[in-house]
1. For a quick check of your reading of the model, give me the residue pairs whose first member lies in the stretch 51-75 and is among the β-branched types (V, I, T), whose second is within 14 Å of the ligand (Cβ to nearest atom), with beta-carbon atoms closer than 7 Å and at least 6 apart or on different chains.
2. List the pairs whose first member sits in the stretch 28-43 and is over 18 Å from I71 (Cα atoms) and open to solvent by 60 Å² or more (accessible area, probe 1.4 Å), whose second member is of a type in the set (S, T, Y) and more than 9 Å from the ligand (Cβ to nearest atom), and whose Cβ atoms are under 9 Å apart, counting only residues at least 6 apart or on separate chains?
3. (1) among the polar types (S, T, N, Q); (2) touching a Lys or Arg at 6+ places or on another chain (Cβ under 9 Å); (3) within 15 Å of the ligand (Cβ to nearest atom): which one isn't true of T66, the others all being true?
4. Within the stretch 4-13, identify whether any single residue is under 22 Å from R293 (Cα atoms), of a type outside the set (F, W, Y) and within 16 Å of the ligand (Cβ to nearest atom), and answer yes or no.
5. Of everything in the stretch 273-310, what is open to solvent by 10 Å² or more (accessible area, probe 1.4 Å), farther than 21 Å from G38 by Cβ and within 11 Å of the chain's Cα centre (by Cα)? Give them in sequence order.
6. Conditions: (1) away from the ligand (no atom under 16 Å from the Cβ); (2) over 27 Å from the mean Cα position of the chain (by Cα); (3) not in a helix (DSSP H, G or I). M74 meets all but one. Number of the miss?
7. Among the residues of the stretch 209-241, count how many are in contact (Cβ under 8 Å) with a residue 24 or more places away in the chain and open to solvent by less than 40 Å² (accessible area, probe 1.4 Å).
8. Suppose we filter the stretch 41-55 for residues that are out of contact with any strand residue (DSSP E or B) (no Cβ under 7 Å at 6 or more places or on another chain) and either within 12 Å of the ligand (Cβ to nearest atom) or assigned by TED's automatic domain parsing to the domain that holds V289 (or both); how many remain?
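The values are calculated or read from the model by the stated rules, or taken from the named source; none is laboratory data. Bear in mind the structure is a predicted one, so any value in this text is a computation, not a measurement. Because the Cβ atoms are built from the backbone with ideal geometry, glycine has one as well, and the counts that use them run over all protein chains shown. Calculation scope for accessible area: heavy atoms of the full protein, side chains included, ligands and nucleic acids excluded. Shrake-Rupley method; radii C 1.70, N 1.55, O 1.52, S 1.80 Å.
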Amino acid sequence: MDQVEEIKSKVDMVELVQEYVPLKRAGRNFKGLCPFHGEKTPSFMVNPELQIFKCFGCNLGGDAYTFLQKIEGMEFGEALQHLADRVGVKLVSYRPTQGEQMKEKLVGINALTGQVYHWLLTEQKTGKEALEYLKQRGLSDEVIKKFNIGFAPDNWDFLFKFLVGKKKYTLDDLTRAGLAVKNYDRFRNRIMFPLTNGRGQIVGYAGRVLPAASAEATASQGGKYVNTPETEIYHKSELLYGLDITRAEIKNAGWAVVVEGEIDAIASWQAGVRNVVAIKGSALTEKQVELLRRICDTIVLALDTDIAGDAAARRGISIADSVGLMVKVINSKSEILNPKHFKDPGDWAVEDPDGWKKAVREAIPVYDFYLQSAVERYGLEVAGKKKIGQELLPVWANISDEIVKAHYIKLLAKTLGVEEEDVRAQMGKVLRAKGQGLSEPWKNM
Ligand SMILES: [Zn+2]
């Protein structure tokens with residue numbers, strides 16, 4: 001028996017899968033919600049005798065290696081190594097493919113870069129201004145270390161000299177890692193936030209400009225944030241910032257706070273709300289929703305963007321709803337919860353940690369938030385009621401759970417002071433109009 005087979009035979013498939021998907025016994029098999037497609041009734045089966053899985057919804061199936069490759073985005077070689085470690089077998093014969101070797105190299109380059117950037121920030125004079133800025137934002141030494149924050153010096157060839165000159169990598173390696181542009185360093189004079197994959201490996205960076213930099217300098221150097229471009233190991237839409245550190249907390253809590261920026265996530269973690277991730281923008285992607293759905297059933301959005309007026313954010317919420325995630329929103333406009341009117345979750349969590357905890361706990365369902373926001377904007381005169389209906393009915397129609405939908409139809413009718421059947425009738429009209437391609441404000445949903 002070769003090692004691939006030996007390792008496979010030693011892995012407990014049910015135990016492995018259960019780290020990602022809760023399973024229940026069903027005869028000789030185990031059953032659960034498929035982690036690879038959105039569903040509400042389980043069609044994902046694990047057979048402990050054959051050590052295989054199979055989803056009867058999306059047809060995906062295979063062995064322990066396939067499972068890890070799909071769920072963790074691992075190459076075969078990585079899955080093999082991972083399972084070998086897990087069952088205590090020492091690999092002797094496996095030769096990684098060229099693609100795997102390259103990925104390993106890029107991960108190595110990013111790791112070294114992370115170390116040297118962190119060292120510059122925390123121990124060298126060149127990082128002093130950046131460190132002072134982070135301290136002034138209220139971040140502690142502990143979180144600066146925990147999240148491995150660093151500093152890229154104001155220098156065109158610092159990394160080049162270090163990685164090519166000293167560590168004997170090539171310019172091509174640096175370019176493929178996303179760290180070099182043409183023949184110079186991509187990140188200069190920036191605070192560096194390492195972006196890690198689910199296994200804690202650095203796959204890219206978000207570089208934030210120093211606040212003292214002039215507007216022209218910021219614009220000419222790529223804006224407030226410069227990120228690693230898509231590479232062989234970094235895919236922006238598949239990453240949740242902080243997840244490798246916060247996953248256990250999210251799993252335990254059963255819910256996750258979702259913020260926009262790195263500093264927001266770190267500040268929340270520091271304030272004691274540790275079940276947090278950042279999505280680097282206002283819109284949740286399908287892949288991010290999938291990652292969250294595997295470990296929790298509720299998400300609490302604390303975005304800088306006003307989600308009621310942001311089509312991309314609403315689309316992300318709609319994706320989350322469609323796979324059964326409960327979506328809540330922090331009510332930052334509430335005078336009671338946010339008397340100091342913090343606009344930024346990062347500042348809020350640092351300056352008023354108890355208030356932040358309370359706001360997160362008292363988040364309201366997103367549909368209540370939509371309704372409140374529409375009433376505030378349009379008022380409850382007849383013309384306002386009409387606009388509220390136009391804005392909300394297409395959203396209500398999209399709610400995937402019928403009971404939740406019925407609840408909000410009732411609430412909307414009550415708020416507008418009309419009969420429920422009128423709301424339903426108008427919803428039917430809106431849907432037919434949508435089908436006929438008439439324009440309406442929520443068409444992007
Ligand atoms: Zn499936």
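1. Listed pairs, sorted by first residue: I52/G61; I52/G62; I71/Y20; I71/P35.
2. The qualifying pairs are K40/S400.
3. (2)
4. No: the stretch 4-13 contains no residue that is under 22 Å from R293 (Cα atoms), of a type outside the set (F, W, Y) and within 16 Å of the ligand (Cβ to nearest atom).
5. K280, G281, S282
6. If we test M74 against (1) away from the ligand (no atom under 16 Å from the Cβ); (2) over 27 Å from the mean Cα position of the chain (by Cα); (3) not in a helix (DSSP H, G or I), just (2) comes out false.
7. Here the count works out to 10.
8. The number of residues fulfilling the criteria is 1.
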